[in-house]
Amino acid sequence: MSQGLKIAITGKGGVGKTTLTALLAYAYAGKGYDVLAIDADPSPCLGAALGFPNEMLTDLTPVARMDELIYERTGAQPGTTGGYFKLNPRVDDIPDRFSALHRGIRLLELGAVELGGAGCICPESAVLRSLVTHVLLRRNEVVLMDMYAGVEHLGRATSDAVDAMIVVVEPTARSLATAEQIRSMAEDLKLPRLYLVGSKIQGEEDRTFIEENPPDLPILGHLPNDPRVRQADREGVAVFDGVPDLAAAAGKIAEKLGEPS
């Protein structure tokens, strides 16, 4: 079964966006869908949340660090700055060649462009932008993007290919303020469907705080705060397996998002 659904997941660092990404990946894989999980965070940790074996993660290299591949695809010259290179390099083979597959979930790490700032035009950014465009427009599967606190991997050319963006928040004023900033950036790109998910909820007071102070976004659901998340991480177990309550909550969120079309 292979149908398309593209979901971007973002939020302030440490709120639990990687946990939600991993939970949704297993929720969709459990329904028989092909799943591509993309770790677009500069410090990749999605593989651990998915419970990928250490040897698989050791063999994974973020695309942004694949210098030889980047030079080959863009035509850029190693050790030089400036010059000419391809802005639309070939990337169609990258998701399958440079990913890891475990329990029906394919994991791809993007990495970060470390020089030149978010708006830099450099060979690394050209490859990443082309890759994200290809994944969103050409891959016919469930794609889950675990993003940094923003929308920097998305652009106007691909924003309409994103079926939903989920902003994960903790029950704190700072987290909700970050969510408001992300909402504003996402609306500038005209992303069609924006949602909120509460995370690390310890009780009704936390749930109420988020529901009474949302940044004008519909709330898909809440993930309870559970010490078993930390235990699963220590044991190298997928959070989906180690914390059934979170898995159930994520299943309800997936139901609200709807089935891939």
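Read the figures in this text as sums done on the coordinates, not as results from a lab. From a predicted model like this one, the values you see are computed outputs, not experimental measurements. Counting neighbours? That spans all protein chains shown, and the Cβs are built from the backbone with ideal geometry, glycine included.
Worth pointing out:
- Backbone HN-Hα couplings from phi across region 167-184 [Karplus 6.51/-1.76/1.60, Hz, Gly and Pro as x]: 9, 8, 9, 8, x, 9, 5, 5, 5, 5, 5, 4, 4, 5, 5, 5, 4, 5
- The calculated 222 nm mean residue ellipticity attributable to helices in the chain amounts to -11000 deg cm²/dmol, summing -39500 (n - 2.57) over DSSP H runs of n ≥ 4 and dividing by all residues.
- If the convex hull is drawn through the Cα atoms of the chain, its volume per residue in Å³: 119
- For the chain, the tally of Lys pairs with Cα-Cα distances below 19 Å comes to 12, considering only residues 8 or more apart or on different chains.
- A DSSP coil position with no more than 15 other Cβ atoms inside 10 Å describes the following trypsin sites (Lys or Arg not before Pro) in region 4-79: Lys31.
- Evaluating kT/(6 pi eta Rh) at 4 °C and 1.567 mPa s, with the Kirkwood radius of region 9-70 over Cα pairs in the Stokes-Einstein relation, gives 100 µm² s⁻¹.
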